[in-house]
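Structure first, then comments.
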Amino acid sequence: MNAVGIDVSKGKSTVTIRRPGDIVVMSPRNIPHTQSAINNLIDLIRGLDGETKVCMEHTGRYYEPVATWLSDAGIFVSAVNPMLIKDFGDDSLRSPKTDKADSKKIARYTLDRWSKLKQYGSMDKTRNQLKTMNRQFGFYMAHKTAMKNNLIALLDQTFPGANDFFDSPARSDGSQKWVDFVHTYWHVDCVRSKSLDAFTEHYQNWCKRKGYNFSAAKAEDIYQLSSDMIAVFPKDDSTKLLIRQAVAMLNTASETVESLRLKMDETASTLPEYPVVMAMDGVGPTLGPQLMAEIGDVTRFTHRGALTAFAGVDPGKNDSGQHIQKSVPTTKKGSPYLRKTLFQIMDGLIKRSPADDPVYAFMDKKRAQGKPYYVYMTAGANKFLRIYYGRVKEYLSTIAEVKET
């Protein structure tokens with residue numbers, strides 16, 4: 001048994017090789033992330049006698065090139081949650097935090113968990129890619145929100161309330177009617193400087209050109225509201241430039257978000273659990289891929305409680321002797337991205353109120369008991385994950401049985 005512990009950082013990895021009985025095959029050594037250095041490490045690992053397993057933490061993006069390179073070379077590689085390494089006992093009162101100490105600890109963890117280590121494979125690459133897309137999706141969504149707020153702030157100076165004229169949903173490319181409207185009518189004087197008939201005709205032509213439904217009553221409402229508005233900025237080229245630049249930035253962000261949304265759904269559809277996840281209440285083409293991205297391979301969790309603990313929605317415990325605390329906050333030790341996705345799913349269930357959904361029924365029961373909002377929402381997320389675990393794991397085991405036969 002050869003345990004290869006790798007502490008991965010940017011540009012280099014620290015590698016330690018140990019065997020049972022506290023035998024050190026190779027003391028901690030820095031390996032740069034270059035093809036020649038990694039190939040030398042592969043040759044070294046292949047030259048070891050006996051079975052060899054490589055273990056590393058899946059932190060950030062740094063571990064992926066090393067894990068992929070070693071895995072493609074036919075070496076057993078396992079990427080584990082950093083929390084498991086951190087909580088692994090080291091039989092020492094001292095807690096040094098260096099790359100060398102970490103690589104030694106990972107090697108010891110590898111020997112201790114030898115039979116439980118899960119191999120890093122091609123499906124893990126797809127899941128990591130989906131997870132990266134989800135993080136980028138979150139980044140661009142925040143950027144889109146900032147661009148939207150910026151445009152509204154500018155409109156408050158030129159055309160107050162123009163963003164509330166329409167409630168039409170966004171199109172497939174992310175464009176919205178109110179944004180297209182203010183690109184053309186960027187100042188209140190663009191409307192009220194015309195007569196009602198002239199504006200109505202101009203607005204009708206604009207709707208036809210942009211592919212929006214026209215309503216004469218809506219045109220009259222906009223005209224009447226515009227006649228009584230106060231604009232701070234003058235109607236000049238500088239103001240026009242500010243508004244149209246803000247519109248262009250928002251449209252670019254919206255287009256990026258929608259293209260990522262479609263790509264995430266396309267990538268998620270290649271995962272085996274996709275049909276089961278998408279059939280669950282509250283999960284759609286946006287939240288479904290996000291959920292799969294943040295949970296990853298459900299088979300790596302030994303039981304339902306492990307998944308809820310990973311999400312940080314499991315109830316904490318505080319017992320000692322005769323003291324038993326009955327009300328304990330959730331741990332919140334898991335992924336904040338997963339908790340956000342779960343909260344959005346629960347929020348959708350609360351708004352739609354599907355009578356035959358067990359998660360909604362459970363939340364509604366807690367709500368009827370007078371539980372606070374965050375309490376029943378978190379309880380619903382916990383129940384949802386337990387159902388998710390059961391359905392997905394059963395489906396994956398069924399697929400495995402069919403393949404074997």
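Side notes on the structure shown:
- At 1.002 mPa s and 20 °C, Stokes D of region 179-319 from Kirkwood alpha-carbon radius, µm² per second: 107
- Candidate aspartates and glutamates - alpha carbon under 12 Å from LYS393, same-chain residues fewer than 8 apart omitted: GLU273, ASP297
- Rounded D (µm²/s) - region 37-92, Kirkwood Rh over Cα pairs, Stokes-Einstein at 37 °C, 0.692 mPa s: 261
- ARG19 versus THR299: modelled label distance in nm, points set 7 Å from Cα along the beta carbon direction: 3.2
- Rule-of-thumb Rg ratio for the chain [Cα; 2.2 N^0.38 Å; N residues]: 1.30
- Mean Cα-pair separation over length for region 1-112, i.e. relative contact order, pairs under 8 Å, 6 or more apart, %: 36
- Highest-first packing order for the peptide set 361-368, 25-32, 206-213, 287-294 is 287-294, 361-368, 25-32, 206-213, based on the mean count of other beta carbon atoms within 10 Å.
- Placed amide H near LYS12: partners under 5 Å, 5+ positions off or other chain: HIS33
- Rotationally averaged projected area of region 14-153 (alpha carbon convex hull; nm²): 11.6
- Cα gyration tensor shape for region 212-251, rounded if a/c is under 1.5, else prolate or oblate: oblate
- Seen against the Cα atoms of the chain and their longest principal axis, helix 122-158 is set at about 30 degrees.
- Theoretical gain in end-to-end length, ASP197 to GLN35 [0.36 nm per residue, Cα-Cα removed]: 51.2 nm
- For region 172-240, lysine pairs separated by 8 or more sequence positions, or belonging to different chains, with Cα-Cα distances below 17 Å total 7.
- Extension gain from ALA355 to PHE343, taking 0.36 nm per residue of separation minus the Cα-Cα distance: 2.4 nm
- Cα long-axis angle, helix 336-352 against the chain (0 to 90 degrees, to the nearest 10): 50
- Those lysines that a straight Cα-Cα span of less than 16 Å connects to LYS365, excepting residues fewer than 8 apart in one chain: LYS351, LYS383
- Based on DSSP H segments of at least four residues, each scored -39500 (n - 2.57), the chain has a per-residue ellipticity at 222 nm of -18500 deg cm²/dmol.
- Inter-label distance, nm, simple model (7 Å from Cα along the C-beta direction), ARG391/MET83: 2.4
- Distance (nanometres) between label positions extended 7 Å along Cα→Cβ at LYS118 and SER227: 6.7
- Over 15 Å [Cα-Cα, region 127-202], rounded percent: 66
- Accessible area (Å², per residue) of the chain, counting only protein heavy atoms and a probe of 1.4 Å: 54
The values are calculated or read from the model by the stated rules, or taken from the named source; none is laboratory data. Please read these numbers as outputs of a predicted model, since none were measured by experiment. Neighbour counts run over all protein chains shown; Cβ positions are idealised from the backbone, glycine included. Note: areas computed on protein heavy atoms with side chains; ligands, DNA, RNA excluded. Shrake-Rupley method; radii C 1.70, N 1.55, O 1.52, S 1.80 Å.
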